[in-house]
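These notes are about the structure you will find just below.
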Amino acid sequence: MLINSNIRLFHLTAYQNFYFHAMKAIFLSLFIALLSVSSFAQDKIQWMTWNEAVEKNAVEQKVIFVDVYTDWCGWCKKMDATTFKNEKVVDYMNEHYYAVKFNAETHDTIRFNNQEFINESNTKKGPHQLAVALLDGRMSYPSYAFIGQPWDKTVAPGYMGAKDFQCVIKYFVEGAPQGQTFDQFKIEGCPVAAAD
């Protein structure tokens, strides 16, 4: 009998050992998968609609960044493929901005500040009234509207590489609210861009 109980203990221990290693492998795999998902969630800018940004801004104020683009714009696509994928740009934008992608030729109706914005054009490539208002009628793509409080706005046109763009997005959070000009900020708060 003593031999049989030793054998049972051995088999039970072997089973427990197998179970322990199997569970450890499963938990390790789940942990790695969760890390991958959480890091994947931050590897792109968290774009939202105009209405979502306005609603979020009513709860917690941040600068609203509007990327005004068109489907046919080659430089807009280059921004999407390069600058907007840069890790430092993504992290800073997600932390400090409500980022909106706005197609300047959309035919959606947008209501804001008791006003209705539409695209009156009968053609596919006509500008939307909100795009015209955001860009002060200077329709070039890509262009970016930075909207602070109380709805003051600055427009920056054209393609920007990641280093230059980092300086610009930092300026509207760290420089402009302190009354600095962009040129002062480039020297004091953005030495990389000042050296370029």
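Of all lysines in the structure, the ones whose alpha carbon falls short of 27 Å from that of LYS78, not counting any fewer than 8 places away in one chain, are LYS44, LYS62, LYS88, LYS101, LYS124, LYS125, LYS153, LYS163, LYS170, LYS186. Between THR49 and LYS78, the distance separating the two model label sites (each 7 Å from Cα on the Cα→Cβ line) works out to 3.2 nm. Within region 48-68, name every residue whose backbone N is under 14 Å away from a label modeled 7 Å from Cα of ASN94 along the Cβ vector. Label zone hits: 48.
Phi angles of region 64-72 translate, via the Karplus equation with coefficients 6.51, -1.76, 1.60 and θ = phi - 60°, into HN-Hα couplings of 9, 9, 10, 8, 8, 9, 10, 5, 8 Hz per residue; Gly and Pro are given as x. For the peptides 120-126, 173-179, 69-75, residues were scored by their other Cβ atoms within 10 Å and the scores averaged per peptide; the highest-first order is 69-75, 173-179, 120-126. Placing pseudo-labels 7 Å out from each Cα toward the beta carbon at GLN180 and ASP108 gives an inter-label distance of 3.4 nm.
So if I place +1 on the C-beta of Lys and Arg and -1 on the C-beta of Asp and Glu, and nothing else carries charge, what would the dipole magnitude of region 69-196 be about its Cα centre? I want it in debye, nearest 20.
Numbers: 13 positive and 16 negative charges, 60 e Å.
Value, rounded to 20: 280 debye.
Read-outs throughout are calculated quantities, based only on the coordinates presented, and are distinct from any laboratory measurement. Since the model is a prediction, treat every value here as computed from it, not as a measurement. FYI the Cβ positions are ideal-geometry reconstructions off the backbone, even for glycines, and counts take in every protein chain you see.
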